[in-house]
Every structure is written in C-alpha cells, then in structure tokens.
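Take a look at the structure below.
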Amino acid sequence: MAVLAVTGSFSFHTGWPGTGQHTEQITLPGGGSQTIIVPDPIYGLQLPNYYRIDARLTKRTTLRGGDLRLFLEVSNLTNRSNVFGYDYFQAPNATGPFVLKRDAEGGFPIVPSIGVSWTGWR
C-alpha cells in the first residue's frame, strides 16, 4: 500500500543582535588626520527578523521486508534572504579617503533535495 504525505514547517525568530561599525576622524601625533573604522557598541544593532518556510512531499510504500520512502523537499520555499550579519568594506570617495559600506550576509536560497529512505524489519 502506498501513502502520500505533504508536510511543512515555518520557522520564525526576531533578529539576532549584532555589532555595527562606523568611521571616525582621528588626529595624528605629527599633525594631520586619518579616517579609521571603529566598532559600534557590542550587540547594539538588531538584525532583521528571520523566517523560513519548508515543504516536503513523501511517498511511503510498504513492501514485504519494510517501508520504502521517497521524498522531495524544498527548504526556504519563499526564497527569502535572511540576514545573518553584515560585511563592511571601504569604498572610494570623491570627497575623502573612503566611505564605509556594508552588505548583508544572507542565508541559502531555495534548496531542493530528493531522497530515499528504507526501514526494514526481520
């Protein structure tokens, strides 16, 4: 006998705390100034909320020696790019030495997978 099952899951949590960065001008001992990168207060930044939807289609067939399961699974069904942190980098600036920019570090895109599972008995 074959059984077809559809299952899903929804994961949500508020954004993790993070630590940002900014630039400051410092005066050098011999005169002049320099732009430096300085961390913000530790965990003073709140990352965006995280959520993900996964789905799975499983076909189970009972055979003489056990159960055979075939499945198709899709993780991150909505293709949401959840932010896990930020990468900071220096970009050229026409009016000064550089500008501090940041890019979000995202999670996985849609990830499909297929599989086979066998549960046997004696």
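Quick one: if you stick a label point 7 Å off each Cα along the C-beta vector at A91 and Q25, how many nm between them?
2.1
In the neighborhood of F10, defined by Cβ-to-Cβ distances under 9 Å, what is the net charge if each Lys or Arg adds +1 and each Asp or Glu adds -1?
Values: positive: R52; negative: D54.
Spelling it out: positives minus negatives among the neighbours equals 0.
Estimate the FRET efficiency between L63 and S11 by the formula 1/(1 + (r/R0)^6), using the beta-carbon distance for r and 22 Å for R0, to the nearest 0.05. Could you put the intermediate results ahead of the total?
Details: r = 34 Å, r/R0 = 1.55.
For R0 = 22 Å, the calculated efficiency reads 0.05.
Can you tell me what percent of all Cα-Cα pairs in the chain are more than 22 Å apart?
Numbers: 4497 of 7381 pairs.
Of all Cα-Cα distances in the chain, 61 percent exceed 22 Å.
Every read-out reported here was derived from the displayed coordinates using simple, explicitly stated rules and does not represent laboratory data. Bear in mind that the values here come from a model prediction, so they are computed numbers and not experimental data. Virtual Cβ from ideal backbone geometry, glycine too; neighbours counted across all protein chains shown.
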